[in-house]
Amino acid sequence: MRKGTFLILIVSVMLAFFACAKKEEQRGPYLAKVGKVKITQADLERELKNLPDFAQKIFEESGGKERFLDELIKKELLYQEAVKKGLDKDAEYLKKLEEFKKISLVGQLLEKEVASKAKATDQDAKAYYEKHKEDFAPVSQIRVSLILVKTEEEAKNILERLKKGEDFAKLAMKSSIDPGSAKNGGDLGYLAKGQMTPELETVAVRLKIGEISEPLKTKFGYQIIKVTGKKLGKVVEFEKVKSLISQHLLAEKQKEVFDSYIESLKKSYKIDINKETISKLSSGEEKKEGIQETKETSGKKK
């Protein structure tokens, strides 16, 4: 990648982080001055740390900090020119600024009240692993039963009958147009990866033993499958999935703490839900009323 492209990339990144950077009074000699604004070494180091890791590495080579200082000068020039043109008083800018302040404050609050309180220890991860070992054993073979019909309507009808408790095997023998499996009550036996069509395999892997799929459209017609068995391979070692489990547990705990925190806030604040207005959103009445009001207002002006 050319250096020019790097500079454009960094300018873009810095603009994204600009609102986060807080100017501080610094003692000592300045590195550069743009108008009356001084850029110190502390400013440079702080802004450099605000960049993503991959961007920081760009300026690690010889002369990197001098090039980064040049980017800070460009940014300050652009900022001062924007203020000179009065863009800091632009309504759209002020709206975005308020939204950014709101997002930043929400982020700080969640960091304090959720992230700092939701923890997932190695012991938690180990306990989860021991309790769910089967989840970490790859499926080597799946036993599948199949009902194949010509139309979606037939498939939906059969699914309803299955949900009401009718026997899958009996329905397969009576209704399935797949001659190979119908005589066996729809049983296809154990199938390894690659022996099923990609569509069928994707659904079968997700289903638990005893579960029945929704109608699946294929080039042969509409299929409904039932998983009747699974053969598992060797369980993956804990150390290989430890990080994955920890992330999963952390996400669950954060959600739990977040939900609890939101419920506590709801008890502290009065929330008024205008159901009448909300109902109009889906019915389109609000939009119609708005159009009618505009027409009436327009008529009065005439």
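The values are calculated or read from the model by the stated rules, or taken from the named source; none is laboratory data. In this text, all values refer to a predicted model and were calculated from it rather than measured experimentally. All Cβ positions, even for glycine, are placed from backbone atoms using ideal geometry, and neighbour counts span all protein chains on display.
What to note about this one:
- Where helices (runs of 4 or more DSSP H) sit wholly within region 41-90, those with at least 2 residues that are assigned by TED's automatic domain parsing to the domain that holds residue 30, more than 35 Å from the chain's Cα centre (by Cα) and closer than 23 Å to residue 30 by Cβ occupy 41-50, 64-84.
- Of all the numbered requirements in (1) within 30 Å of residue 37 (Cβ to Cβ); (2) at pLDDT 95 or above, residue 68 misses one, and that requirement is (2).
- Filter result for the condition that a residue is assigned to a helix (DSSP H, G or I) and modelled with pLDDT under 85, over 266, 255, 280: 280
- Number of the exception - residue 88 against (1) free of Cβ contacts under 8 Å to residues at least 12 places away in the same chain; (2) under 30 Å from residue 256 (Cα atoms): (2)
- Breaking point among (1) farther than 26 Å from residue 231 by Cα; (2) at pLDDT 95 or above, for residue 112: (2)
- Conditions (1) modelled with pLDDT under 90; (2) farther than 23 Å from residue 101 by Cα: number failed by residue 23: (2)
- Single residue of 150, 156, 174, 164 found to be surrounded by fewer than 16 Cβ atoms within 10 Å (Cβ to Cβ), farther than 22 Å from residue 230 by Cα and in contact with a Gly (Cβ under 6 Å, 6 or more places away or on another chain): 150
- Annotation note: Cβ proximity below 9 Å between a residue of region 173-185 that is in the same structural domain as residue 153 (by TED's automatic domain parsing) and a residue that is surrounded by 14 or more Cβ atoms within 10 Å (Cβ to Cβ) and among the acidic types (Asp, Glu) (sequence gap 6+ or interchain) occurs for 175/154; 181/187.
- Every residue from region 126-147 that is hydrophobic (A, V, I, L, M, F, W, C), over 30 Å from residue 172 (Cα atoms) and surrounded by fewer than 17 Cβ atoms within 10 Å (Cβ to Cβ): 127, 137
- Counting residues in region 236-258 that are of a type in the set (Gly, Ala, Ser), more than 30 Å from residue 159 (Cβ to Cβ) and either touching a Pro at 6+ places or on another chain (Cβ under 6 Å) or in the same structural domain as residue 152 (by TED's automatic domain parsing) (or both) gives zero.
- Any hit, region 249-266, residues being over 30 Å from residue 122 (Cα atoms), within 30 Å of the chain's Cα centre (by Cα) and not aromatic (Phe, Trp, Tyr): yes
- Filtering region 137-191 to residues that are under 18 Å from residue 221 (Cα atoms) and part of a strand (DSSP E or B) leaves 144, 145, 146, 147, 148, 149, 187, 188.
- In region 200-252, the residue that is surrounded by the most Cβ atoms within 10 Å (Cβ to Cβ) out of those that are part of a loop (DSSP other than H, G, I, E, B) and either at positive phi or among the acidic types (Asp, Glu) (or both) is 211.
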